[in-house]
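S.K.: Before I ask anything, let me first share the structure, which is written out below as structure tokens.
Each reported figure results from applying straightforward, stated rules to the coordinates on display, with no laboratory input. None of these values were measured; they are calculated from a predicted model. All Cβ positions, even for glycine, are placed from backbone atoms using ideal geometry, and neighbour counts span all protein chains on display.
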Amino acid sequence: MRLLGKTMLTEPCQAEQRQVVIIGPGAMGCLYAALLNRSRSVDVSLLDYHPQRAAQIQQQGVVVEAAEETYTVPVYCSADPGDFLVADLLIVFTKAYDTEAAIRRATPLVGSDTGVLTLQNGLGNYQILQQHVPKEQVLAGTTASGATLLGPGHIRQAGVAEIVLGSPVGNTELAHEVAEILQSASQTVKINDDVDAVLWRKALINCAINPLTALTRRRNGELLEITALRELMAQVAREVYAVASAAGINLGRYSPVEAVEQVCRATATNQSSMLQDILAGRQTEIEYLNGAVAEIAGQYDTAAPLCECLAALVQGINC
Ligand code: PAF
């Protein structure tokens, strides 16, 4: 498989290289485009919706400021889905509110063997993908990697962590194939068959940390230093855990408060993605995090008043 635009603009790719297309050149999309392309074992491109930004990234590559070095990785980037042929793997890294539009635009890249993997924040993303792609081709997962977007195609890398993924409909064969593609590009990947539990554990972390950092404009680690915020964060974590249980999601032997506090410590100097969104005047993913939890709580005759309140407050910031 070959990218039409790419074969015209750069060296032809090796025929045996798997084609990975990342949708969404935000901080995480750029981070993984750079990490995977740098391994040289897969051929990674970026699909954007913004022609000017795509042209800039195509010209400059992805610039990564890591702890020890700043490096640039050439990455083919286009806003025209017609520039791409069918991909082996599509990774959706758009904001959750763009999932529907993104997968509609990417339809020409999806063949009968294409795996479509969401690694986005939030709840409900894989269900949207399943409305546009056969369910057995959709995978979902999480990563605790972090990056900050400094400009178009320009990021600061905060840390690279493992990817956990699985098939919501039990297509373990595809999960293994996709894990193998990512592992061949030097990524640590675990397969977990209970993908809903994986997504809820990540959503719990995001629901507890992100709105508090966005509302107070504090870095993740500061939430542990201020007693009132630490206690509120713990209460939100317990609330999300209770809603997950009511919804039949088995989070297993897991302490929600310890999990959230551990992430705060590990990412102490990070600005959460929601704080980055607020500071940049962008829409946040609150409706797919605390908003979604509050909505799901209602479906199971329970309530999530803290999530509902935080969702309203964050929605009020940029209106
Ligand atoms: O959304 C984010 O910023 C991240 O998922 C996390 C884990 C909260 C770290 O900043």
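S.K.: Considering only DSSP beta bridges whose two residues both sit in the chain, what percent are antiparallel, to the nearest 5?
M.R.: Percent antiparallel among DSSP bridges in the chain is about 35.
S.K.: Hey, rough spin-label estimate for residue 107 and residue 217, points 7 angstrom out along Cα→Cβ, what's it come to in nanometres?
M.R.: 4.4 nm
S.K.: Could you give the dipole magnitude of the chain about its Cα centre, charging the beta-carbon of Lys and Arg +1 and that of Asp and Glu -1, in debye to the nearest 20?
M.R.: Magnitude of the dipole: close to 540 debye.
S.K.: Report, for the range 18-193, the % of DSSP beta bridges that are antiparallel, rounded to 5.
M.R.: DSSP beta bridges in the range 18-193 are roughly 35 percent antiparallel.
S.K.: Rg(Cα) of the chain divided by 2.2 N^0.38 Å?
M.R.: Its radius of gyration relative to the 2.2 N^0.38 Å reference: 0.97.
S.K.: Whose amide H sits under 5 Å from the amide H of residue 192, counting only residues 5 or more places off or on another chain, with H placed in the peptide plane?
M.R.: Placed amide hydrogens put 165, 166 under 5 Å from residue 192.
S.K.: Still on this structure, I have one more. Using the alpha-carbon centroid of each, what span in Å lies between the range 80-158 and the range 238-275?
M.R.: 23 Å
S.K.: Taking +1 at the Cβ of each Lys and Arg and -1 at the Cβ of each Asp and Glu, which of 87, 164, 126 sits farthest along the dipole of the range 18-193 towards its positive end, judged by Cα position relative to the Cα centre?
M.R.: Value: 126.
S.K.: Write down Rg/Rh for the range 22-107, rounded to two decimals, with Rg from the C-alpha atoms and Rh from the Kirkwood relation over Cα pairs.
M.R.: Rg/Rh for the range 22-107 comes to 0.95.
S.K.: Rank-order 269-275, 202-208 by packing density, defined as the average count of other C-beta atoms within 10 Å over each peptide's residues, highest first.
M.R.: 202-208, 269-275
S.K.: In a solvent-free Debye calculation with one equal scatterer on each Cα, what is log10 I(q)/I(0) for the range 240-319 at q = 0.17, 0.20 Å⁻¹, listed in the order of the q values?
M.R.: Debye curve over Cα of the range 240-319, log10 I(q)/I(0) at q = 0.17, 0.20 Å⁻¹: -0.81, -1.03.
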